[in-house]
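Contents: one structure, followed by commentary.
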Amino acid sequence: MIYKNYINGVWLDASKGNTFKNIDPAHTDKVISEFQDSDEVDINFAVEVAHNAFKFWKNTPAPKRGEIMFKAAAILERDKECIAKGMTQEMGKTLAETRGDVQEAIDMAYYAAGEGRRMAGEVVPSELENKWCMSKKEPIGVIGAITPWNFPIAIPSWKAFPALVAGNTMVIKPAEDTPWSVCKLAEVFHEAGLPAGVFNVVTGYGTTAGFPLITNPKVKMISFTGSTATGKIVSTTCASYMKPFSLEMGGKNGIVVMEDADIDLAVEGVVWGAFGTTGQRCTATSRVLVHIDIHDEFIEKLVAKTEKLKLGCGLNSEIDVGPLINEKALKKVRGYVTDATHRGLRPLVGGYEIESPNDDVNGWFYQPTIFDNVDINDTLMQEEIFGPVVAVTTFNNTNEAIWMVNNTGYGLSSALYTQDVNLAFRFLNEAETGMVYVNASTIGAEIQLPFGGIKGTGNGHRDAGSSMIDNCTENKSCMVDYSGKVQKAQIDNVS
Ligand code: NAD
């Protein structure tokens, strides 16, 4: 099947008529479908359409916009299983996880729908008599969304639902590995009655389709999620156009396991955090810091649990770990592991790729891998591998543990396992990450909380939660002086 771009409520071929193939990463000989290989011409057309749609959409009452989001939520709920199965085929993670991905979109849709009846500004007192001061939120205009492949519908939903309910229009360029899920989202909006031109999907590659979205002057903001390397391109390009942008980027997330921790619980948290989604989450646990006194017991249990993980096709309910997304990702993981062995490190478990872990599959599979006794400054501890590789080291005391967990250029997520409530609160204060967990893994965000990170992970914005509307609106301060005379703020009435 050949999918088209969704522009102005209709499905269109790319102007040059080129397509690219979408491959099932668990069956690499299987082409699932083809998508439009779009370029600047297609992007510019979609932006023009979204620019025109903004003129009426911004004036549609927010509660009415919210009702459409509510209908979209119900359609997503109805189609959850079908979308989850298609997503597993498209990007490999297990069906339980793709169901979670769609559920996150549903949760976001309902949450944003409710916002249609809030969208609150502020009313504040004036320092002058007979003067009224308030602020209101206004949409920005056409928002360009550029999204990654690892949460193919959740992340586009984090961006689309708040932006649309706030009155913006959108052109989205999904990741080239997962365009299907975003085309499904367009179908959902279409069925929900979203007017033509408000949400537009243009598929293609980053440099040819993503970049022109950033540079188009009618795109008034870029909302980006992806790697820190691409985020830097987005950031410098937007800066040269004086265009607002939000960045959600990579992570290097650590779990600290104290000597009083429930070791079995911590082991479960590490296995789920490190190998869920085959380690391809921005919040994946890729570094583990264990108190020296419990190290041996912890490692023994971690290795035993990891060895039991079953690799294969995510549609099979007995499978724990799916494939990597593509050959480039496999080469990247292979490169990190090979380099580590050249530095004298030896994996306790894993450390090799396996094309066919069972008869049903042939794909980009990599055995979950654990390295122990890794120096905190080693590449394995510092760089985002984005695969099923975890590095472990020990610490002697709390200060050292907190220093270690913060010793990274990223700042997305961190976790602490302890029974000590005082330490738990100290960790919440001192962890240099946008998200902090106590007695839970580094993954598992909920949409009613802001999502994002600091340092190399973000630029101060947050998707989702209470910040989601702020992220895609401007505040307008409005003042009405009904005194009938000239009143001077900061000058009159000051003794
Ligand atoms: P990526 O940076 O390669 O691609 C992300 C998007 O940017 C894709 O749509 C891609 O086509 C586009 N792109 C690439 N080059 C571009 C360019 N020059 N101009 C414009 N667009 C361009 O990232 P990825 O491999 O798709 O995703 C994995 C990365 O995303 C990891 O680093 C992961 O940590 C990060 N991520 C972060 C979060 C978060 O919220 N912090 C969530 C998920 C993933």
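Let me make sure I get this right: for the chain, a, b and c are the square roots of the gyration tensor eigenvalues over alpha carbons, sorted descending. Under 1.5 in a/c it's rounded, otherwise prolate if a/b > b/c, else oblate. Which is it?
Oblate.
What does the charge dipole of the range 69-139 about its Cα centre add up to, to the nearest 20 debye, if the Cβ of each Lys and Arg holds +1 and the Cβ of each Asp and Glu holds -1?
Roughly 220 debye, rounded to the nearest 20.
Report the antiparallel proportion of the DSSP beta bridges in the range 122-212 as a percent, rounded to a multiple of 5.
25
Answer rounded, prolate or oblate for the range 241-336, using the Cα gyration tensor with square roots of eigenvalues a ≥ b ≥ c: rounded when a/c is under 1.5, else prolate when a/b is larger than b/c, else oblate.
oblate
Please report the antiparallel percentage of DSSP beta bridges with both residues in the chain, rounded to the nearest 5.
40
Mind running the shape call on the range 2-93? Use the C-alpha gyration tensor, a ≥ b ≥ c as the square roots of the eigenvalues: rounded below 1.5 for a/c, prolate if a/b tops b/c, oblate otherwise.
It is oblate, given that a/c is not under 1.5 and a/b is not larger than b/c.
In whole Hz, with x marking every Gly and Pro, tabulate ³J(HN,Hα) for the range 186-192 from phi via Karplus 6.51 cos²θ - 1.76 cosθ + 1.60, θ = phi - 60°.
5, 4, 4, 4, 4, 5, 6
Using the structure shown, list the pairs from Lys85/Lys455; Lys243/Lys455; Lys30/Lys301 with a Cα-Cα distance above 29 Å, or answer none.
Exceeds cut-off: Lys85/Lys455; Lys30/Lys301.
What does a probe at Asn397 reach in the range 238-255, counting residues whose amide N is under 19 Å from the point 7 Å along Cα→Cβ?
From the range 238-255, the list is empty.
Run the dipole for the chain about the Cα centre, Lys and Arg Cβ at +1, Asp and Glu Cβ at -1, nothing else charged, and hand back the magnitude in debye, nearest 20.
Once rounded to the nearest 20, the dipole reads 1980 debye.
Long-range amide H contacts for Ser33: which residues qualify at under 5 Å (H placed 1.01 Å from N, peptide plane, sequence gap of 5 or more or a different chain)?
Under 5 Å from the amide H of Ser33: Asn22.
Using Cα pairs under 8 angstrom and six or more residues apart, how large is the relative contact order of the range 1-145, in percent?
Averaging sequence separation for qualifying contacts and normalising by length gives 21 percent for the range 1-145.
Take the alpha carbon atoms of the range 26-54, find their center, do the same for the range 205-264, and report the distance between the two centers in whole angstrom.
So the two Cα centres are separated by 20 Å.
With a 10 Å Cβ neighbour count serving as the proxy for reagent exposure, in which order, fewest first, do His342, His51, His291 appear?
If I rank by nearby Cβ atoms, fewest first, I get His342, His51, His291.
Could you work out the relative contact order of the range 204-261, using alpha carbon pairs under 8 angstrom and six or more residues apart, expressed as a whole percent?
It comes to 33 percent, rounded to a whole number.
Could you name the lysines whose alpha carbon sits less than 24 Å from that of Lys308, not counting residues in the same chain fewer than 8 places away?
Cα-Cα hits under 24 Å: Lys93.
Which far-off residues, 5 or more places away or on another chain, put their amide H under 5 Å from the one on Val142, with H placed in the peptide plane?
Amide H neighbours of Val142, under 5 Å, 5+ apart: Thr169, Lys220.
For every helix of n ≥ 4 consecutive DSSP H residues, a contribution of -39,500 (n - 2.57) applies; sum these over the chain, divide by its total residues, and give [θ] at 222 nm rounded to the nearest 500 deg cm²/dmol.
For the chain, the value works out to -11500 deg cm²/dmol.
Taking the Cα centroid of the range 434-495 and of the range 334-359, what is the distance between the two, rounded to the nearest whole Å?
Result: 45 Å between the Cα centres.
Could you work out the per residue convex hull volume over the alpha carbons of the range 30-156, in cubic angstrom?
Cα convex hull per residue, to the nearest whole number: 158 Å³.
For Lys58, list the lysines whose Cα falls under 18 Å from its own Cα; do not include residues on the same chain fewer than 8 positions away.
Output for Lys58: Lys136, Lys137, Lys159, Lys218, Lys220, Lys476.
Read-outs throughout are calculated quantities, based only on the coordinates presented, and are distinct from any laboratory measurement. Just so it is clear, the structure is predicted and the values come from calculations on it, not from any experiment. Here the Cβ is made from the backbone with ideal geometry for all residues, glycine too, and neighbour counts use every protein chain on show.
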